[in-house]
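Heads up, the thing below is written out as C-alpha cells.
Computed from the coordinates by the stated procedures, all read-outs in this text should not be read as laboratory data. This structure is a prediction, so every number in the text was calculated from the model and none was measured. Positions of Cβ are generated from backbone atoms using ideal geometry, with glycine treated the same way; all protein chains shown enter the neighbour counts.
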Amino acid sequence: MLTSLHIMPAYLIIIPIVFAIAAYLLPERGSRWVCALCQTLLTLAAFHYYALIFDMDMHLVAFGGWPDFAGITLRNDHLSMGFAAMAIFLWWCVLLYAFFERLSRSYLFFLLFLEGTFMGLIMSNDLFNLFVFIEVVTIISTMLITYRGDGSSLRAGFYYLLFNNAGMLFYLVAFIILYQVCGTLNLQLMKEALPAHMGEFPVKLSFVLVTAAFGVKSAFFPVYNWLPKAHSAAPSAVSALLSGLLVKSGLYEFIRLNEVFHYASLDFFLVAVGAATALLGVIFALCQKDIKLILAFHTVSQVGIMFMGIGPFRGFAYSGGMLHLVNHGMFKALLFLCAGMIVSDYRNRNVNQIRGVLRRFPLLSVFMIVGMLSITGMPSLNGYIGKYIIADSVRHIFWEKAVLLLVNVGTAASFIKISQIFTADYKHLRIPVKRVGLEHLPLFLLSSSCALLAAYYRQLASWLFELPIPAFTPSDPVHMLEYLGILAAGYALYHFFIKKDPPFVRRIRNADISFENACMLLLGFVCMMSVIVMGL
Amino acid sequence: MQIMLATAIVLIGFYGMCTSKNIIKSIVCLNISEAAIILIFLRSVYFEGAALPIIGLRHAGEMVDPLPQALMITAIVIGASVTSLALMISIRLFRAYGSLDWRMLLERKDK
Amino acid sequence: MRLSNLLVNIARFIFPFMLMFGLYIILYGDVSPGGGFQGGAILASAYITAYIARGERIFEIGSLVLLEKVLYVLIVAMALISVLTKGEAFTSFIPSGEPLEIRRLFLIAMNVFIGFKVALGITSLFSSFVEQESVDD
C-alpha cells in the first residue's frame with residue numbers, strides 16, 4: 001500500500017519537503033548525505049512512477065477521496081513528467097554545485113523545499129492549487145535570492161516579490177470570473193464547461209488577465225524587468241535554477257491554461273510580444289558589462305523565442321518551443337554555474353576585466369565553451385534544434401524570420417564579447433591552475449546532456465512530450481555554413497559597435513524601469529490585450 | 001453595487017502601487033488590492049436570503065457556497081505571508097541604505 | 001513616550017480575555033467561522049498588546065523560535081501519518097468509518113498546531129521588527 005500508484009505523485013512532493021526538514025535538523029557534516037539520499041529517492045520514485053503511467057493518457061489523483069469538482073486533484077501526463085525529469089536533473093546539478101559554494105543548513109532547507117513545491121506546481125490540476133503553489137514558489141525563491149543579505153540582492157528580491165505578487169492579483173480576479181462561469185475549478189471539468197461560454201465578455205476578460213499574470217511570471221516584453229535584477233543578484237546556484245526552470249514554469253502554466261481555453265484572435269499579438277521580448281533582451285544584453293546580468297538578459301530573449309513558438313499553440317512551432325525550453329534549461333544552468341565559479345574566484349563581475357580563465361580553469365573553460373556554442377546555436381549541440389524548428393515553421397512570415405535572425409546575430413555578438421575572458425595577457429600567465437573538484441561534476445553532466453540532447457532530440461520529443469517534429473537533418477553542412485555566417489555577423493557587430501562603448505550603449509546600460517512604471521506597464525499590457533480580444 | 005465598489009478599491013490599490021514613492025506604501029497598496037479582491041469573491045457567491053452552509057440547517061439550494069470561503073482563507077494567509085516577508089526585507093533595506101524611497105533604491109549602482 | 005494609565009490598565013485587564021477568545025476561535029474552528037490562522041492572529045495580537053502596554057517583552061525569543069520550528073515539524077508529520085494508515089497523503093489519518101466525534105479530532109489537532117505556530121510566528125516577527133534584532137530565518 002505504501003507504493004501504490006495512487007500515492008506516488010504525493011511522494012514526489014513529500015520526499016523533498018521531509019528531507020528539507022532533515023537537512024535543517026541534522027548537523028552540517030550530515031547534510032550532504034541527506035541531500036544525496038533525498039535526490040536518489042526522488043529519482044527512483046520518479047522513474048518508478050513514470051514507468052507505471054507511461055501508457056496512460058493522464059493520471060488523476062484526488063486527495064481525500066473528495067469528488068472532482070470540489071477537491072484538490074493532481075494530474076500527471078507526459079508534459080508534467082517531462083518537467084519533473086528536468087527539475088530533478090537540474091536539482092541534482094545545483095545540489096552538487098552547492099556543496100562547493102556553501103553548506104549552511106537553512107540554505108539547503110530552502111533549496112529542497114523549493115523542489116517539493118515546484119513538483120507540486122507542475123502536478124496541480126485545479127486553478128486554486130496552482131495559485132497557492134505559484135505563490136509559495138515566489139516566496140521561497142525570494143528567500144533564496146535575498147539569502148546573501150547584501151544591498152543589491154535585497155533590492156532585487158524585494159522588487160521580484162512585489163511585482164510577481166501584483167501579477168498574481170490579476171490571476172485571482174480571473175479565477176473569480178471563471179468560478180462564476182463554470183462553478184468548478186478543476187481543469188478537466190472546466191475544459192468541458194467552457195466552450196459554451198467562449199463568446200462572452202467575462203470569459204474573454206479572464207483569459208486576458210490570466211495571460212497577463214503568466215506574462216509577469218515568464219518575463220514578457222513590458223513586464224520583464226524583475227528578471228535581470230533577480231537573476232543577477234541571486235547566488236549562482238539559485239540563478240541557475242531560476243533561469244533554467246522557474247521562469248519556464250510561467251510558460252508551463254500558460255500551456256496548461258491554453259489547453260482549457262484558447263482565443264485565436266490573440267495569437268498575432270502574443271507572437272509580437274515574444275518577438276519584442278527576444279529583440280529587447282538581446283539589445284540590453286549587448287550593452288551590459290556584468291556577466292551575470294548579460295546571462296539574465298539572454299534568458300529574457302530566449303524565453304521570447306520560446307514564446308514565439310508556444311504562443312500560437314499549434315503545429316511544429318509549438319514542438320520547437322518546447323524543445324527549446326528543455327534545451328535552454330540545460331545550457332543556461334551550465335552557463336550560470338560556470339559564471340558563478342569564475343565570479344567567486346576572481347571576485348569581479350566585469351567582463352572587460354576578467355582575463356585568463358582558459359589558463360586558470362581549463363576544464364571549466366571547455367564546459368563553458370560548450371554552453372556558449374549551444375546558446376548561439378551550433379548545429380551539433382542542442383540549442384540549434386529548437387531554434388531551427390521555430391525558424392523553419394515561420395519561414396513564410398518575413399518579419400518573424402528577420403527577428404529570429406537578428407536575435408541570433410545579437411546572441412553571437414554578445415557571447416563573443418563574453419569570450420574575451422578566455423584570453424590571457426602577460427600578467428595572467430603565472431596563475432596556478434585550479435584543482436578539479438566535485439563542483440566540476442554538475443558542469444560535466446550538463447554539457448554532456450547538451451550533446452546528448454542534440455543527438456537524441458527525436459526520442460526526447462516522442463518519449464517525454466509526445467510532440468511532432470518536422471524532418472530535417474542537423475548534420476547537413478548548409479546549417480553549419482549558416483551558423484558560421486551568423487558568427488561572422490555577430491563578430492562584426494561586436495567589433496564595430498559595442499567594443500568601443502559608445503554613449504548610446506552606455507545609456508541603454510543604465511536604463512531602468514522603476515516599480516511604479518512597471519505597474520503602469522502591466523496595466524497597459526492588460527488593457528491592450530483586452531482591447532484586442534474584445535474587438536475581434 | 002457592492003462588487004463595483006470593491007472593484008474601485010482594487011483599482012485604487014493599483015493606482016497607489018503605480019504612484020507611491022515609498023516602499024512601505026507599495027506594500028500597503030498591494031495589501032489593499034488583495035483584500036478587495038477577496039471581498040469581491042466572497043460577495044459574488046452570496047445571494048439574498050442565503051443561509052449558513054451547515055448540513056441539516058436548510059435545503060442545500062438555499063445555502064451560500066462554502067468553497068470560496070475556504071479558498072479565500074488560504075488567499076488571506078498567502079497575502080499575510082507575502083506582506084510579512086516584504087516588510088522584513090524593507091527593514092533590512094533601510095538598514096543597508098538608510099532610505100525607503102523607490103528612486104533611491106533603483107538608482108544606486110554600487111556593488 | 002509615556003502611555004496613559006488608562007491604556008495600560010485596560011490592556012492588562014483585557015489580556016486574558018483576548019487569550020481566551022483566541023483559544024475559543026482555534027478550538028471551534030471546524031464548526032464556526034475561524035480556525036487555525038485566525039485564532040493564531042488573535043493570540044499574537046494579545047501578546048502584542050501586552051508588549052505595548054508593558055513596554056518590554058513578556059516572552060523569550062529563543063524558546064519561541066524553537067517551539068515554532070517544533071510545531072512546523074509536527075504539522076508536516078500530522079499531514080503525513082495518513083500515508084501509513086490510509087494510503088493517501090495529506091488527509092486525515094482517522095479511518096472514515098469512525099463516528100463524527102472521533103473524526104473531528106484530526107481537524108481540532110491541526111487547528112491547534114497551526115494556530116499556535118501562527119501566533120508564535122507573528123509574535124517573533126513583530127518583536128524582530130520592533131527591537132531591531134534579527135531572528136534567524
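Among A:Ala233, A:Ala240, A:Ala193, which is touching a Leu at 6+ places or on another chain (Cβ under 8 Å) and touching a residue at least 12 places away in the same chain (Cβ under 8 Å)?
A:Ala240
Need the failing condition index for A:Ser206 against (1) more than 22 Å from B:Ile40 (Cα to Cα); (2) more than 17 Å from the chain's Cα centre (by Cα), just the number.
(1)
Kindly evaluate C:Pro16 against the criterion of being over 13 Å from C:Ile122 (Cα atoms), without any contact (Cβ under 8 Å) to a residue 40 or more places away in the chain and within 14 Å of another protein chain (Cβ to nearest Cβ).
no
Look through the stretch C:73-97, keep the residues that are more than 9 Å from chain A (Cβ to nearest Cβ) and among the β-branched types (Val, Ile, Thr), and return whichever of them is surrounded by the fewest Cβ atoms within 10 Å (Cβ to Cβ).
C:Thr85
Regarding the stretch A:356-369, can at least one residue be identified that is within 23 Å of the chain's Cα centre (by Cα), within 21 Å of A:Val271 (Cβ to Cβ) and crowded, with 18+ Cβ neighbours inside 10 Å?
Checking the stretch A:356-369: not a single residue is within 23 Å of the chain's Cα centre (by Cα), within 21 Å of A:Val271 (Cβ to Cβ) and crowded, with 18+ Cβ neighbours inside 10 Å.
Name the single residue that is nearest to A:Pro195 (Cα to Cα) among those in the stretch A:142-184 being among the β-branched types (Val, Ile, Thr) and facing another protein chain (nearest Cβ under 7 Å).
Among those residues, the one meeting the criterion is A:Ile176.
Need the failing condition index for A:Leu60 against (1) within 14 Å of chain C (Cβ to nearest Cβ); (2) surrounded by fewer than 22 Cβ atoms within 10 Å (Cβ to Cβ); (3) part of a helix (DSSP H, G or I); (4) over 24 Å from the mean Cα position of the chain (by Cα), just the number.
Checking A:Leu60 against (1) within 14 Å of chain C (Cβ to nearest Cβ); (2) surrounded by fewer than 22 Cβ atoms within 10 Å (Cβ to Cβ); (3) part of a helix (DSSP H, G or I); (4) over 24 Å from the mean Cα position of the chain (by Cα), the one that fails is (3).
Quick one: which residue in A:Tyr147, A:Tyr160 is surrounded by fewer than 22 Cβ atoms within 10 Å (Cβ to Cβ) and under 21 Å from the mean Cα position of the chain (by Cα)?
Among A:Tyr147, A:Tyr160, only A:Tyr147 is surrounded by fewer than 22 Cβ atoms within 10 Å (Cβ to Cβ) and under 21 Å from the mean Cα position of the chain (by Cα).
Name the residue, out of A:Tyr49, A:Tyr11, that is at the interface with another protein chain (Cβ under 10 Å from one of its Cβ atoms), in contact (Cβ under 8 Å) with a residue 24 or more places away in the chain and buried (at least 19 other Cβ atoms within 10 Å of the Cβ).
A:Tyr11
Which residues, taken from the stretch A:505-525, are aliphatic (A, V, I, L, M) and within 10 Å of another protein chain (Cβ to nearest Cβ)?
A:Ile513, A:Ala518, A:Met520, A:Leu521, A:Leu522, A:Leu523
For (1) in contact (Cβ under 8 Å) with a residue 24 or more places away in the chain; (2) at the interface with chain A (Cβ under 9 Å from one of its Cβ atoms); (3) of a type outside the set (Gly, Ala, Ser); (4) under 29 Å from A:Ile145 (Cα atoms), each residue gets a yes or a no:
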| position | (1), (2), (3), (4) |
| --- | --- |
| B:Val64 | no, no, yes, no |
| B:Thr74 | no, yes, yes, yes |
| B:Ala80 | no, no, no, yes |
| B:Leu85 | no, yes, yes, yes |
| B:Ile89 | no, yes, yes, yes |
| B:Arg92 | no, yes, yes, yes |
| B:Gly98 | no, no, no, yes |
